Amino acid sequence: RKETLMNALKMHSYFGDHQIDCIKIVPSHWQALAVDNTYLLPNRMLIFGGDVLTPDMISGIKAQDSKGLEVINHYGPTEGTIGKLLHKVDLNKEYNRVPLGQVFSNSEAYVVNDSLA
């Protein structure tokens, strides 16, 4: 329920009561759900999209992960959850910036400046 999704304590309780293998979440929402520096981590895969995934967030996952969690940065052209780039995060690597990733699904991506050049 929406009430649970927006409440950090309820989410931690839900994760404690259920086996959650994978979540896809906006990084800022995921960070807001931390309780006492304890992050919500599923059992197998954590997919971030819709906002910037920071190196600090990766460090937080690395410090808490004991399951060999797969972390994916899923990037797309809009906030509409249309991802077209994927980067599998290496939790053993130090990042200055988390890469946007590689194109997938027979797509193309262009990085342009303000002048579209």
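Here are a few things to note about the model shown:
- Residue satisfying all of: in segment 82-117; part of a loop (DSSP other than H, G, I, E, B) and in contact with a Gly (Cβ under 6 Å, 6 or more places away or on another chain); least open to solvent (accessible area, probe 1.4 Å) among these: 83
- Matching residues, segment 30-45, being open to solvent by less than 60 Å² (accessible area, probe 1.4 Å) and free of Cβ contacts under 8 Å to residues at least 12 places away in the same chain: none
- Some residue of segment 63-70 being under 13 Å from the mean Cα position of the chain (by Cα) and either closer than 30 Å to residue 104 by Cα or open to solvent by 30 Å² or more (accessible area, probe 1.4 Å) (or both): yes
- Here the helices (runs of 4 or more DSSP H) wholly within segment 5-71 that include at least 3 residues being in contact with a strand residue (DSSP E or B) (Cβ under 9 Å, 6 or more places away or on another chain) are 8-17, 55-64.
The values are calculated or read from the model by the stated rules, or taken from the named source; none is laboratory data. Since the model is a prediction, treat every value here as computed from it, not as a measurement. No Cβ is skipped: glycine too gets one built from the backbone with ideal geometry, and neighbour counts run over all protein chains shown. The area values use the complete protein model at the heavy-atom level, side chains included, leaving out ligands, DNA and RNA. Shrake-Rupley method; radii C 1.70, N 1.55, O 1.52, S 1.80 Å.
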